[in-house]
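The values are calculated or read from the model by the stated rules, or taken from the named source; none is laboratory data. Since the model is a prediction, treat every value here as computed from it, not as a measurement. Neighbour counts are summed over all protein chains in view; Cβ atoms, including those assigned to glycine, are modelled from backbone coordinates with ideal geometry. Heavy atoms of the whole protein, side chains included, go into the accessibility calculation; ligands, DNA and RNA do not. Shrake-Rupley method; radii C 1.70, N 1.55, O 1.52, S 1.80 Å.
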Amino acid sequence: MSLSQKINDWVENGILTAEQGAAVVAFERDRKSLLSPIGALILLGVFAIGTGIVALVAANWQDIPDSFKLTVLFALLTGTAYAADAFRSKKLVFEGLLTAEMLLFLAAIGLIGQIYHLHSDAYKPMLFWSFLAFFPLLQTQKMILTAVWEFVFFFAFMLSPWGREFARFLGRHFNTPVTYSAAALFLFGALTQVRKAELFVAPLRKAAIVFAMIPLMFSERLSPTGADAALCFVLAAGAAGYSFLSGKAYKSVYAVCILYACFVSIPKSFLLFFGQTGILIALLFAGVETKRFGFARVMAFVACLRVIAAYFELFGSLLETGGGLILTGLFILGIAYGWHKADRRLKAEKKQ
Amino acid sequence: MKNKILLYIPIVVLLLWLVSVQQTLHNAQTVIMPVGGYDPRDLLSGHYLRIQTQYPAATGLSGFGQTMYFCVDDSKLSFAKPENCGLFIAGKNHYGRFDDGISRFYVPEKKALPLERLLRDRSRKAEIVLAVDKNGRVHAKDLLFDGKSWKEIQFPDGIK
């Protein structure tokens, strides 16, 4: 649908007046866009020049003196840093230059390693890059950059000797999926209390909840041993206690923690599925109560997927028959309808 | 001002690293050792030859990861830092093989395959020029085939 058609819709539905709609159309028409014919030609020209430079450099790489390569590299690094500082007020350009600077750090590590035939374990250049990239990262407003940095840093750390030691420690004390899930959920809960450094904390929070969710989606190999159950119970009880003592109205969080504590005490049986789904639904309510409606909507969707997964686990053989397929289709449509209603309700709650 | 400094700190760190590598190589002593190898691909730094410097085998030794020293003067291996040794190389014991940490030599893409063939050719004498600092750490400086640097070798199919 074109912008004009959308604006006509909005005017007809009373969202905009006719004069406002005309003003929006006039504004967009006069705005310079990269997608205009002249913009496309400029992009094509810049792309041709850039590709030509890369091709020339690549074809003559071995003939270019090492000192020249290093001089150009550091000139590029300094130029990018200078340009980023100069364009600080233009957000998009600033973020683009920060990203370019972080990529150039990678190029610098690779080039110096190549020229001097340096050798090291894989984690060392990654940790070095993480150190260098941390400084420009403190100035970014883009969560994608912090998320990428955290991924690289975590990956490098786990490859390092300290990371291997940490993994051995985790393996000794958290050796089943359900204990990992409980620990990840505990971490998620702790990170929801952190209000500062949101750009760094938010990706960690998202990663923690994803790790916590994965074991709740499967029922195999989840039966905890006595020691695991005790550990999960302690974590869940601790989280419930903190929520209560902190004085905030996180009643649904208590429910999540109590359900988790009960869940880990249940031996593997048909009750396992209800425990898993119960936790997902409790998390949905916790999201609503803490006004994290995006999170609540995701939990609603994940709970629906879990129910569908359980259906296929139990009744997968029905798919071999025509009647079974019809029943499965009706079931999925029913779940979709239920999710749609819940999603609309959550959207309405968010607007209020 | 603080934000400006944050942009330049990593560049200064990279420069300092480059200078320290350059200084290490400049002040290091040089030694030539026999070498053998094969060719994989490194995602970050381009093509390299996977090489192994040939040291006398640490026969009878088991275990992995213990620090060892190779004295260039008398070609002997030891677990303790050798005294009265003019030049020594520090490395690790890998199940009876002395590993100096040198496993790569970066070459241009076009020359990677012909050089790999030369490395495998037993009729050719392949050697590596190592820069050794006062602590025994080594850096690869050059690769020689029959005494000639790899950069000077002309290949029959016109590769320069």
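Couple of notes before you dig in:
- Most mobile of B:88, B:64, B:98 in a GNM of chain B (Cα contacts under 10 Å): B:64
- Area hidden from solvent between A and B (accessible, protein heavy atoms only, 1.4 Å, total, Å²): 2900
- Sorting A:88, B:124 by solvent-accessible area of protein heavy atoms yields B:124, A:88, largest first, with a 1.4 Å probe.
- By accessible area with a 1.4 Å probe, ligands and nucleic acids excluded, highest first: order of A:142, B:125: B:125, A:142
- Environment charge at residue A:18 (Cβ cut-off 14 Å; Lys +1, Arg +1, Asp -1, Glu -1): -3
- Of A:6/A:351; A:90/B:2; B:125/B:151; A:6/A:347; A:196/A:341, those spanning more than 27 Å from alpha-carbon to alpha-carbon: A:196/A:341
- Environment charge of residue B:145, counting only residues whose C-beta is closer than 14 Å and scoring Lys/Arg +1, Asp/Glu -1: +2
- Complex-versus-alone comparison for region A:84-118, residues with a loss of 20 Å² or more in accessible area, probe 1.4 Å: A:85, A:88, A:101, A:105, A:106, A:109, A:110, A:112, A:114, A:116, A:117, A:118
- Evaluated with a Cβ-only charge set (Lys, Arg +1; Asp, Glu -1), chain B carries a dipole of roughly 400 debye about its Cα centre, given to the nearest 20.
- Model label zone, residue A:325; criterion: amide N under 15 Å from point 7 Å along Cα-to-beta-carbon; scope region A:298-318: A:317-318
- Length released on extending from residue B:80 to residue B:22, taking residue separation times 0.36 nm less the Cα-Cα span: 18.0 nm
- Gyration tensor verdict on chain B (Cα atoms; rounded if a/c is under 1.5, prolate if a/b is larger than b/c, oblate otherwise): oblate
- Taking the Cα centre of region A:65-173 as reference, the dipole from Cβ charges on Lys and Arg (+1) and Asp and Glu (-1) amounts to some 220 debye.
- Per-residue surface analysis assigns residue A:165 an accessible area of about 90 Å², computed on protein heavy atoms at 1.4 Å probe radius.
- Cut-off 10 Å between beta-carbons: net charge of the residues surrounding residue A:97, Lys and Arg +1, Asp and Glu -1: -1
- Whole-Hz couplings from phi, Karplus 6.51/-1.76/1.60, listed for region B:114-129; x for Gly and Pro: x, 5, 4, 5, 5, 4, 7, 6, 5, 7, 9, 9, 9, 9, 10, 9
- Rounded if a/c under 1.5, otherwise prolate or oblate - region A:65-173, Cα gyration tensor axes: oblate
- ³J(HN,Hα) computed for each position of region A:111-117 - Karplus, 6.51 cos²θ - 1.76 cosθ + 1.60, integer Hz, glycine/proline x: 5, 5, x, 6, 5, 9, 6
- Spacing of the modelled spin labels on residue A:72 and residue B:103, each 7 Å from Cα toward Cβ, amounts to 3.1 nm.
- Phi-based couplings in Hz for region A:341-348 (Karplus 6.51, -1.76, 1.60; Gly and Pro marked x): 5, 5, 5, 5, 4, 5, 4, 5
- Long-range HN-HN contacts of residue B:87 with modeled amide H, under 5 Å: B:72, B:73
- You can think of it this way: the chain between residue A:289 and residue A:341 has 16.9 nm of extra reach, that is 0.36 nm per residue less the Cα-Cα gap.
- Region A:152-208: C-alpha gyration tensor shape, a/c 1.5 cut-off, then a/b vs b/c: oblate
- Occluded residues from region B:1-16, i.e. those whose accessible area drops by 10 Å² or more once the chain is not alone (1.4 Å probe): B:3, B:4, B:6, B:7, B:8, B:9, B:10, B:11, B:13, B:14, B:15
- Solvent exposure, largest accessible area first (probe 1.4 Å, DNA, RNA and ligands not counted), of A:121, B:133: A:121, B:133
- Solvent-accessible area of residue A:97 with every protein chain in place, 1.4 Å probe, in Å² to the nearest 10: 40
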